[in-house]
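The values are calculated or read from the model by the stated rules, or taken from the named source; none is laboratory data. All values derive from a computational prediction rather than experimental measurement. Methodologically, a virtual Cβ is constructed for each residue, glycine included, from the backbone with ideal geometry; neighbour enumeration extends over all protein chains shown. Ligands, DNA and RNA are stripped out before the accessible areas are found, and what is left, the full protein with its side chains, is counted by its heavy atoms. Shrake-Rupley method; radii C 1.70, N 1.55, O 1.52, S 1.80 Å.
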Amino acid sequence: MDITRKLEILADAAKYDASCASSGAARKDSRGSTGVGSTGGSGICHSYTPDGRCVSLLKVLMTNACLYDCHYCINRRSSNVTRARFTPDEVVQLTLDFYKRNYIEGLFLSSGIIRSADHTMELVIEVARKLREEHHFRGYIHLKTIPEASQALIALAGRYADRISINVELPTQQGLNTLAPEKNLARTEEAMGHIREKIDERYAEKRKPVAPKPPPFATGQSTQMLVGADASTDATILGCADKLYTAHRLKRVYYSAFSPIPEPSSILPLKAPPLIREHRLYQADWLLRFYDFKVEEIAHAAAPNLDLALDPKLSWALRNRETFPVDVNKAPREMLLRIPGLGVRNVERIVRARRYTGLRLADLIRLRLQMKKLLPFIVTADHHPARMGLDSDSLRARFLPPPEQLELSFDAPPAPAAGDFLSVRSGEL
Amino acid sequence: MRTIVIEPEYEAWRNAARQLLAQGVKPDEVLWTDDPQEASLFIGEAVGTRKPAAEAIKVSSAFMDMAKSASAHTDAKRWALLYRVLWRLTLGGERHLLSLATDRDVRQIQDWCKAVGRDIHKMHAFVRFRRVSVDAVTGREQFVAWFEPDHRIVRLAAPFFEKRFAGMDWSILTPYQCAHWDGKRLHFTAGVPRSSAPDEDALDDLWRTYYRNIFNPARVKINAMQSEMPKKYWKNLPEAPLIAGLIAESAGRVQGMLGTEERPAKPAPNNAYLKSLHDMNQRTAAKPTEETGPP
C-alpha cells in the first residue's frame, strides 16, 4: 500500500476527533537548531474544510485496526472498513514535509488499539521521540493516550507531547457498557488524575526555582464527549464536563455531535442529533468556564436539556427576569457578565470606561454591542427599560429566531486561541 | 497649517510626532501625508533631521505598541489620527484616554490594530512554502512563498517565520515587500510580481489527499469555513480547488452512509489483553461506582 492510500485511510479514520487546538503550549522555537518548529502563543488554523472545522494539525491514526468494538466508531473491530498501518518513519516524514510547507503546525497522533494498550502507546510514542530527538522538531505534538497504558509510558508520552488526551466519549458508564464495552469511565478518570498530577508538578516547579526539576511534561490535557449517541441529557453531559474541569483541570472538553459514518452498527442505528445541540453545549461550556455559571443554573433535573432556539445565557436571563435590569454604570463585574449580549471583552471595556465617564446608550452603540438583545436587560444614564416590557411574556417570543435561521450570535470568549475557537462555531444548520 | 511628509513607516511618524509635540503643535494645525506626489502640491516642511527636544514627553508603551500596529494599516488618515490621540494623551491632559473604548478616536485606532492583527495572523496561516532547491554547500532546504497581505505587515509578520523555520532557508514574496531568511539574518527587499514565485510543490498532491479525507461530509458548514478562510485567499492555497467538489458530492455521500446496511457486532477475538480488560470491567461493575451525572 503506498503512502497516498495510507494517508487516505488513516486521515479518514481520524476525522471524528473534534480536538484541533494547538494553543497553550510552552514557548519554544527552532532558532539555533537545525530543525523547524515553534509553539506558544495562540494556535494557528492553517486551513478550513467545508465542514467549518479548522486544519491546524496533521491528524492521523497510527493504524485503524482496533481490538475494541465502540459502536459509534468507524474503526471498531466489527466494521468492514479497509485497514492500514503507518510505520513511525512514514508519520515522521509526513509531519516534517507538511510542516515545512506551512500546511500545519504540528501532529495529532492517535491509534486504534492493537495487541495491548502498552504496545499501542509504544508505537505512538516512537513517532514523537523520533520527531523530537532525531529531527529536533519543536512544533506542536498532541498524543492520544490510553487509560490502561502503564504510568511509565504515559510519562514518556507527556515528555514529548505538548498536549495529551483521553476521550471519555460518553458521560456515563451505562452508556459505555452498551456502546463501548471495553471502555471504563473510572479508569479514564483515574488516568486523568495521574496526568493532572504530572502537569501540576510542572507548574509547581516554576514557583520554586530551588526544587529539583521534574521531567518535562505536556502543559495540558483535553477530552471529547459524543453527543446524541446515547440517551444522556445535556445536564448529564455538562455535569460530567464540569467534574472533569474541576477535578482534573482539563484545558478543554470537546463535544462532538454523533454523525453518520460509512459503516453503521446494528447496535447504534444512525440518528444524528441536530448540530445546534452541539453548539448550545459549547455555549454552555463557555458560560461555565468564563462567566462563572454553575451547571444547575444552565441545565438541571427539571429541565435537563438546553433550549435549542435560544442561547443558554439568554434562556437563563429570561428565567430570572427579577435579576434585571442591571445598571451598567454601577453593577459589579459578575452581574455585567450575566447580561445577554455582553461578552467578557466588552464587560472589561465597560468596567474601565465607567471609571471616567457615565455610560450612555450612544457609548454602548459605539462599542458595537447587540443593542436589541441588550436593551430589555440594562439601565444606563439615559435608558430605563419599561418594566412592562421586561415582565411581559412576549419577551421570550421577541428573541425567538424566525424558523429559517436558528443561529444566534454568541458572546466572544476572552481571546481564545484560533484553533480552540473554531470548533465552537457550530450553530449553523 | 503645516504639511508633514513622511515615509509610510511607524518610525518616520514617531520622529515627526515627537518634534511636533515638543513644539506644542496642535493636531488641527498639521496635515500629514506619506504620498510624495501629493506632498509636492504643498510647500513641504522637512522633519526628521532635527533632534527631538531634550525634555521628551512621556507616553505609555501601550499607546506606542498600538501606534506601531496601526501604522501598518493602509488607511491614509492614520498618521493624523495617531498624532491627535498622542496629543490628547499628553498636552491635551486626557491621560486616561486609552481606557475609553467608547471614544471615537480610540475605537478607530483599535479597529486598525485589529485589522492589522488579523492580516498578520492570516499571513502566518496561509503562506505556503514551495521547495525550490537544496543548497549544495550547506545542505539546507530552500523554500519560496507568495502572499498578498491587505496591509503593510511583512516586517511585523516575519519574526514568526524566523522562529518557526530557522532550520531552512526561505523567502516570502509579496507585491510591496519581501522577507528573506538564510539561517543567520532576516532581511527585507522590495516587492516583486506574482510570476517571481513558484506555483506548485511536489507535496501539494499529498496535502490535498489529506484535506479531502479529513473533511466530514456529514456536517457541511460553508459559512463557518468562509468566515475564517475568505475567498480572497483561495487563489494561493493549493487545497482550495477541491472545495467546490467536496461540497457538491457531500449530500450524495451522506445518503450512501444512510443507505448502508447495518453491520452486526463481531465476537471478540482471542486476545489476552482484551480478556484482561473484560475481567477488570466485570470486577469494577460488581462494586457500585460513583455516579457521574450532575449532583
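Here residue A:95 meets each of (1) more than 18 Å from the chain's Cα centre (by Cα); (2) part of a loop (DSSP other than H, G, I, E, B); (3) crowded, with 24+ Cβ neighbours inside 10 Å with one exception, condition (2).
If you check B:71, B:133 for being hydroxyl-bearing (Ser, Thr, Tyr) and in the same structural domain as residue B:6 (by TED's automatic domain parsing), only one passes: B:71.
Output the residues belonging to the stretch A:240-258 that are open to solvent by 10 Å² or more (accessible area, probe 1.4 Å) and facing another protein chain (nearest Cβ under 9 Å). The answer is A:242, A:243. When residue A:7 is tested against (1) open to solvent by less than 10 Å² (accessible area, probe 1.4 Å); (2) more than 7 Å from chain B (Cβ to nearest Cβ), just one condition goes unmet, and that condition is (2). Each residue in the stretch A:127-145 was checked for being open to solvent by 30 Å² or more (accessible area, probe 1.4 Å) and under 20 Å from residue A:221 (Cα atoms), and 3 of them qualify.
Listed conditions (1) more than 19 Å from residue A:36 (Cβ to Cβ); (2) in a helix (DSSP H, G or I); (3) not aromatic (Phe, Trp, Tyr) are all met by residue A:127, apart from (1).
Okay, residues lined up against (1) part of a loop (DSSP other than H, G, I, E, B); (2) more than 18 Å from residue A:194 (Cα to Cα); (3) modelled with pLDDT of 95 or more; (4) in the same structural domain as residue A:24 (by TED's automatic domain parsing):
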site: A:121; (1), (2), (3), (4): no, no, yes, yes
site: A:136; (1), (2), (3), (4): yes, yes, yes, yes
site: A:143; (1), (2), (3), (4): no, no, yes, yes
site: A:149; (1), (2), (3), (4): yes, no, yes, yes
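The residues of the stretch B:107-118 that are surrounded by 20 or more Cβ atoms within 10 Å (Cβ to Cβ) and either within 14 Å of chain A (Cβ to nearest Cβ) or of a type outside the set (A, V, I, L, M, F, W, C) (or both) amount to a single one, B:109.
The sole residue among B:199, B:182 that is acidic (Asp, Glu), open to solvent by 20 Å² or more (accessible area, probe 1.4 Å), touching a strand residue (DSSP E or B) at 6+ places or on another chain (Cβ under 9 Å) and farther than 28 Å from residue A:59 by Cα is B:182. Scanning the stretch A:45-56 for residues that are assigned to a loop (DSSP other than H, G, I, E, B) and open to solvent by 10 Å² or more (accessible area, probe 1.4 Å) returns a single hit, A:53. With respect to (1) assigned by TED's automatic domain parsing to the domain that holds residue A:21; (2) open to solvent by less than 20 Å² (accessible area, probe 1.4 Å); (3) in contact (Cβ under 8 Å) with a residue 40 or more places away in the chain, the lone exception for residue A:274 is condition (2). Among the numbered conditions (1) under 25 Å from the mean Cα position of the chain (by Cα); (2) over 28 Å from residue A:194 (Cα atoms), tell me where residue A:86 comes up short. Only one criterion in (1) under 25 Å from the mean Cα position of the chain (by Cα); (2) over 28 Å from residue A:194 (Cα atoms) is unmet by residue A:86, namely (1).
Scanning the stretch A:57-67 for residues that are open to solvent by less than 10 Å² (accessible area, probe 1.4 Å) and either within 9 Å of chain B (Cβ to nearest Cβ) or not aliphatic (A, V, I, L, M) (or both) yields A:58, A:60, A:63, A:64. Restricting attention to the stretch B:143-166, the residues that are more than 11 Å from every other protein chain (Cβ to nearest Cβ) and open to solvent by 50 Å² or more (accessible area, probe 1.4 Å) total 5. All but one of (1) at pLDDT 95 or above; (2) open to solvent by 50 Å² or more (accessible area, probe 1.4 Å); (3) within 14 Å of another protein chain (Cβ to nearest Cβ) hold for residue B:122; which doesn't? Unmet for residue B:122, out of (1) at pLDDT 95 or above; (2) open to solvent by 50 Å² or more (accessible area, probe 1.4 Å); (3) within 14 Å of another protein chain (Cβ to nearest Cβ): (2).
When the residues of the stretch A:337-358 are filtered to those that are open to solvent by less than 50 Å² (accessible area, probe 1.4 Å) and part of a helix (DSSP H, G or I), which remaining residue is nearest to the other protein chains (Cβ to nearest Cβ)? Taking the candidates together, the pick is A:353. Does residue A:235 meet the test of being of a type in the set (Gly, Ala, Ser), surrounded by 16 or more Cβ atoms within 10 Å (Cβ to Cβ), in the same structural domain as residue A:128 (by TED's automatic domain parsing) and not in a loop (DSSP other than H, G, I, E, B)? Taking the combined requirement at face value, the residue satisfies it. Once the stretch A:22-43 is narrowed to residues that are open to solvent by 10 Å² or more (accessible area, probe 1.4 Å) and aliphatic (A, V, I, L, M), the residue that is farthest from the chain's Cα centre (by Cα) is A:26.
Restricting attention to the stretch A:279-324 and to residues that are out of contact with any Gly (no Cβ under 9 Å at 6 or more places or on another chain) and of a type in the set (S, T, N, Q), the residue that is least open to solvent (accessible area, probe 1.4 Å) turns out to be A:315.
Residues that are polar (S, T, N, Q) and open to solvent by 30 Å² or more (accessible area, probe 1.4 Å) were ranked within the stretch A:173-197; the one that is farthest from the other protein chains (Cβ to nearest Cβ) is A:178.
For the stretch A:77-110, residues that are within 9 Å of chain B (Cβ to nearest Cβ) and in contact (Cβ under 8 Å) with a residue 60 or more places away in the chain total 7.
Checked against the criterion of being closer than 25 Å to residue A:241 by Cβ, out of contact with any helix residue (DSSP H, G or I) (no Cβ under 8 Å at 6 or more places or on another chain) and at pLDDT below 95, the stretch A:366-376 contains not a single residue that satisfies it. One residue stands out in the stretch A:195-232 among those that are in a loop (DSSP other than H, G, I, E, B) and of a type in the set (S, T, N, Q): the one that is modelled with the lowest pLDDT, namely A:219. Within the stretch A:151-172, restricting attention to residues that are in contact (Cβ under 8 Å) with a residue 40 or more places away in the chain and open to solvent by 30 Å² or more (accessible area, probe 1.4 Å), the residue that is nearest to the other protein chains (Cβ to nearest Cβ) is A:151.
When A:106, A:112, A:41 are checked against the criterion of being modelled with pLDDT under 95, assigned by TED's automatic domain parsing to the domain that holds residue A:262 and not polar (S, T, N, Q), A:41 stands alone in meeting it. The strands (runs of 3 or more DSSP E) found entirely in the stretch B:103-183 that carry 1 or more residues being more than 30 Å from residue A:355 (Cβ to Cβ) and of a type in the set (Phe, Trp, Tyr) are B:141-146, B:169-173, B:177-181.
The condition of being open to solvent by 10 Å² or more (accessible area, probe 1.4 Å), more than 28 Å from residue B:172 (Cβ to Cβ) and either facing chain B (nearest Cβ under 10 Å) or of a type outside the set (Lys, Arg) (or both) holds for only one of A:113, A:74, that being A:113.
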